[in-house]
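Notes follow once the structure below has been shown.
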Amino acid sequence: MIRFIAAAALLTAFTGSAASQNATPRLKELVTVTADVVRIGDLLENAGPAAGIAVFRAPDLGHTGTVEVPRVTEALKSHDIDGLSTNGLSEVVVTRLSRVITAKDVEERITRALAGQYGFGDVRNLGVMFDREVRTMHVEASATADLLIARMSVDPRNGRFDISFDVPSSAVARRLPLRFTGVATETIEAATLTRTVARGEVIRESDVAVERRPKIEAAGEAIVADQVIGMSAKRALRSGQVLRASDVIKADVVARHEIVTIVYEAPGLLLTVRGKALEAGAVGETINVLNVQSNRTIQATVYGPGQVVVTAATPRLATAAAPASESRRRRAE
């Protein structure tokens, strides 16, 4: 019985000592605050009744500052903080939390406001160009509501906008430049050139990139990258240019004066003879070809590099249909 009492007394003394140690005011190395002041309870663990007393001004929203430990202990002298442990620190780092509003946040809010209105399409296809640089802004961390449109005017003819926002429950927002002007444009994924391409040059896969560009640049003739590769430039095209259907034509696979193989096809019959292309042509085009054996000019359809085809349904005489040069002239127009 005596031993039990002694053990209980020893346990009580130990736990009491631990509790006393845990209750010792201890200085924190890293401090975060949301208010515009730093309180004793922010700086210390186990601050006790003095926890709510403000002793320093907090950094600006979203910023971090430091305060040397001697300044902290000096500020706490008059507030009955007994047995303060500084944990061997030389300074305390204080960060004031904030909600960050970036240019991307503003742009996203504007596009959501315009989507489906004023002639604009889906939000994912809208882009915004501001009249001035939009700088990152900070408001209170507690102001988590969406940007509220206070005033908005839009000119649907050119996409110009003038929009003012408010941040509900934020006092700081009232002092921020939350009025934005600029131009909203509808964009599309367009094929663009990575280099300058000369007239008649064949466009390779490495020459094409896909970018989001204003829809007006494509002038309603946007063409996807797969449709461009292997085509020939109808005119000189500059690097970065958005490609339109009217900028390209099928690339020639048979050159003028090239020696070609003429394939004659008919039910149960397949003949090949040598010929000379009298004009250039792309796959599928009809061109004039000279049969070097008969010395007669015929019309044939370009099948592939160095090969043309004449079928039973294809007119044999050059005067029976418009030549490729006429077809080419029409495409150019």
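Every number in this text was worked out from the coordinates using simple rules, so none of it is lab data. All values derive from a computational prediction rather than experimental measurement. Cβ atoms come from the backbone with ideal geometry, glycine included; neighbour counts cover every protein chain shown.
Once the C-beta distance of residue 239 and residue 89 is scaled by a Förster radius of 51 Å, the resulting FRET efficiency is 0.30 to the nearest 0.05.
Rounded to the nearest 500, what is the 222 nm mean residue ellipticity of the chain from helices alone, with -39500 (n - 2.57) per DSSP H run of 4+ residues and division by all residues? It comes out at -5000 deg cm²/dmol, rounded to the nearest 500. Of the peptides 146-153, 87-94, 238-245, the ranking by mean beta-carbon count within 10 Å, highest at the top, reads 238-245, 87-94, 146-153. Compared with the alpha-carbon gap, the fully stretched path from residue 206 to residue 183 is longer by 5.0 nm at 0.36 nm per residue. Roughly how many whole Å is it from the C-alpha centroid of segment 241-295 to that of segment 148-224? Each part reduced to its Cα centre gives a spacing of 44 Å. With the simple model of a label 7 Å out from the Cα in the direction of the Cβ, residue 194 to residue 102 spans 2.7 nm.
Between the beta carbons of residue 217 and residue 135, assuming R0 = 35 Å, the FRET efficiency works out to 0.75 to the nearest 0.05.
Within the shell of other residues whose beta carbon sits under 11 angstrom from the beta carbon of residue 207, the net charge comes to 0, with Lys and Arg scored +1 and Asp and Glu -1. All other residues whose Cβ lies under 14 angstrom from that of residue 131 are scored, Lys and Arg at +1 and Asp and Glu at -1, for a net of 0. Over the chain, the reciprocal of the mean inverse Cα-Cα separation, the Kirkwood hydrodynamic radius, stands at 28.2 Å.
Derived from the Cα gyration tensor, the three semi-axes of the equivalent ellipsoid of segment 101-185 are 23, 12, 11 Å, largest first.
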